[in-house]
Amino acid sequence: MRKMIIAGNWKMYKTIPDALNLIRTLKPKLIGEKEVEVIICPPFNALSPLAEILVDSPIKLGAQNMHWEEEGAFTGEISGKMLLTSRVSHVILGHSERRKFFCEDDEIINRKVRKALETGLIPILCIGESLEEREANQTLKVLENQLLQGLSGIEIKDPARLIIAYEPVWAIGTGRNATPAQAQEAHLFIRDLLNRRYETEIANNINILYGGSVKPANALELLRQPDVDGSLVGGASLKAEDFFQIIQAGKEVCN
Ligand code: PEP
């Protein structure tokens, strides 16, 4: 049985006071939450302050990126080991904005996924096709390349240590989400790829999240798809009420 996961990617939004305000609204609503795993991925400087107020909460913390080395002369970068000291458990890797604006390719992403796992962090590996690729019927090829290269040489012994996020680039921040059928088709394809790569027991228990313009109005129908095990939410995670409603949709699917 895969657990429902709702993760919020705050991107480069929210100062520390704004971040604290949002969490002070969200935290009491999620006391004792067991059905849905909630992960917040704020900017780096908000991680430690949030970790302090989330110490007695089921809400987990994720980072939005990390370097593949433990330490070194890499100005402006942060390592997995450093994230661990801010009580971070998850890290988003391969987000399409990192691929596009920071020239991250599958080889770099693969190094980061390896390092995250070695460090004890759970990578949320993002993959997804652009609009041009979808229109050229390349979606499945792109997903296959990004997934297999991102996971190249990586063995998974515990399915809970890896999360995949299917995020079609054309759906991110555009207000145009994938239809539930498009999401299910991609997720099932990813599930099959995982089955080719890992033992059935492992492959069938890895969470695959959908991301791309998820909001309270469309969350339920997307989360109801059999291979959609949760969501990576961008814009709608910036408002406590919207994010909470998406979590509620996740709970409804669990029941
Ligand atoms: C994201 O950035 O991962 C994302 C899914 O953004 P949005 O929900 O705003 O489309």
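Brief remarks follow.
- Qualifying residue in segment 233-244 (condition: within 15 Å of the ligand (Cβ to nearest atom) and part of a strand (DSSP E or B)): yes
- Considering residues of segment 91-107 that are open to solvent by less than 40 Å² (accessible area, probe 1.4 Å) and assigned to a helix (DSSP H, G or I) only, the residue nearest to the ligand (Cβ to nearest atom): Ser96
- Sole exception among (1) open to solvent by less than 40 Å² (accessible area, probe 1.4 Å); (2) closer than 27 Å to Met82 by Cβ; (3) in a loop (DSSP other than H, G, I, E, B) for Ile124, by number: (3)
- Qualifying residues in segment 73-90 (those that are of a type outside the set (A, V, I, L, M) and assigned to a helix (DSSP H, G or I)) - the one nearest to Ser152 (Cα to Cα): Gly80
- Looking across segment 30-59, the residues that are in contact with a helix residue (DSSP H, G or I) (Cβ under 6 Å, 6 or more places away or on another chain), surrounded by 15 or more Cβ atoms within 10 Å (Cβ to Cβ) and of a type outside the set (A, V, I, L, M) come down to Pro42, Pro49, Ser57.
- Criterion violated by Cys126 - all others in (1) among the hydrophobic types (A, V, I, L, M, F, W, C); (2) more than 15 Å from the ligand (Cβ to nearest atom); (3) touching a Phe, Trp or Tyr at 6+ places or on another chain (Cβ under 9 Å) satisfied: (2)
- Residue selected from segment 137-196 under the condition within 16 Å of the ligand (Cβ to nearest atom), hydroxyl-bearing (Ser, Thr, Tyr) and farther than 21 Å from Arg2 by Cα, by the criterion most open to solvent (accessible area, probe 1.4 Å): Thr174
- Of the candidates Ile202, Ile206, the single residue that is more than 12 Å from the ligand (Cβ to nearest atom) and open to solvent by 10 Å² or more (accessible area, probe 1.4 Å) is Ile202.
The values are calculated or read from the model by the stated rules, or taken from the named source; none is laboratory data. What you see is a predicted model, and the numbers here were worked out from it, not measured in a lab. Quick reminder, even Gly has a Cβ in these numbers, built from the backbone with ideal geometry, and neighbours come from all protein chains shown. Accessible surface is based on the protein model in full, side chains and every heavy atom, while ligands, DNA and RNA are left aside. Shrake-Rupley method; radii C 1.70, N 1.55, O 1.52, S 1.80 Å.
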